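Novice: Below is the structure I would like to discuss, written out as structure tokens.
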Amino acid sequence: VQLQASGGGLVQPGGFLRLSCAASGTSFSRDILSWHRQAPGKQREFVAFITSGYITNYAESAKGRFTISRDNAKNTVDLQMNSLKPEDTAVYYCKLGHLGRDYWGHGTQVTVSS
């Protein structure tokens, strides 16, 4: 299983970004997909997940601002991030849960700064 995240960058506070993660080597449609992030000097933390049945859950910090979605035809999971804040600055990682194992992508940097 391989995951490739993209879409990070530098954005001003209040702006938006859309992250995407493409998966290969897995059935995908049955997998649980999630996004996590790690800010400098902090532990990696959960941001959002989406199940094979399209059930979603978000960290409190992401609720109302971020939206996770999946496209099983393209084997991608996206994270739409709106109303970004400086505290959202982090490396964002996608994770795929497949048959009891977790697979991580390499991460994409998101920097929110004026």
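Novice: Of everything in segment 18-36, what is of a type in the set (Val, Ile, Thr) and in a strand (DSSP E or B)? Give them in sequence order. If you could, list the steps in order and put the result at the bottom.
Specialist: From segment 18-36, those of a type in the set (Val, Ile, Thr) are 26, 32; that's our starting set.
Passing the criteria: only 32.
Novice: Let me ask something else about it. Restricting attention to segment 47-97, which residues are under 13 Å from the mean Cα position of the chain (by Cα), over 16 Å from residue 11 (Cβ atoms) and aromatic (Phe, Trp, Tyr)?
Specialist: Matches in segment 47-97: 49, 58, 93.
Novice: Next question, about the same structure. Could you tell me which residue of segment 62-91 is least open to solvent (accessible area, probe 1.4 Å), considering only residues that are in contact with a Pro (Cβ under 9 Å, 6 or more places away or on another chain) and either free of Cβ contacts under 8 Å to residues at least 24 places away in the same chain or assigned to a loop (DSSP other than H, G, I, E, B) (or both)?
Specialist: Only one residue tops the list, namely 84.
Novice: When you go through (1) over 20 Å from residue 104 (Cα atoms); (2) surrounded by 15 or more Cβ atoms within 10 Å (Cβ to Cβ) one by one for residue 36, which number turns out not to apply?
Specialist: (1)
Novice: Here is a further query. Just checking, does segment 45-52 include any residue being in a loop (DSSP other than H, G, I, E, B), open to solvent by less than 80 Å² (accessible area, probe 1.4 Å) and either touching a helix residue (DSSP H, G or I) at 6+ places or on another chain (Cβ under 7 Å) or in contact (Cβ under 8 Å) with a residue 60 or more places away in the chain (or both)? Before you say what the answer is, go through the steps one by one.
Specialist: Let us first name the residues in segment 45-52 that are in a loop (DSSP other than H, G, I, E, B), namely 51-52.
Filter once more, so that each one left must be open to solvent by less than 80 Å² (accessible area, probe 1.4 Å): 51-52.
Among the residues that remain, those that are also either touching a helix residue (DSSP H, G or I) at 6+ places or on another chain (Cβ under 7 Å) or in contact (Cβ under 8 Å) with a residue 60 or more places away in the chain (or both) are: none.
No; the residues of segment 45-52 include none that is in a loop (DSSP other than H, G, I, E, B), open to solvent by less than 80 Å² (accessible area, probe 1.4 Å) and either touching a helix residue (DSSP H, G or I) at 6+ places or on another chain (Cβ under 7 Å) or in contact (Cβ under 8 Å) with a residue 60 or more places away in the chain (or both).
The values are calculated or read from the model by the stated rules, or taken from the named source; none is laboratory data. Remember, it's a predicted structure, so these values are computed and weren't measured experimentally. Reconstructed Cβ throughout: ideal geometry from the backbone, glycine too, with neighbour counts over all protein chains shown. When the accessible area is computed, the model is the full protein with side chains, heavy atoms only, and any ligands, DNA or RNA have been set aside. Shrake-Rupley method; radii C 1.70, N 1.55, O 1.52, S 1.80 Å.
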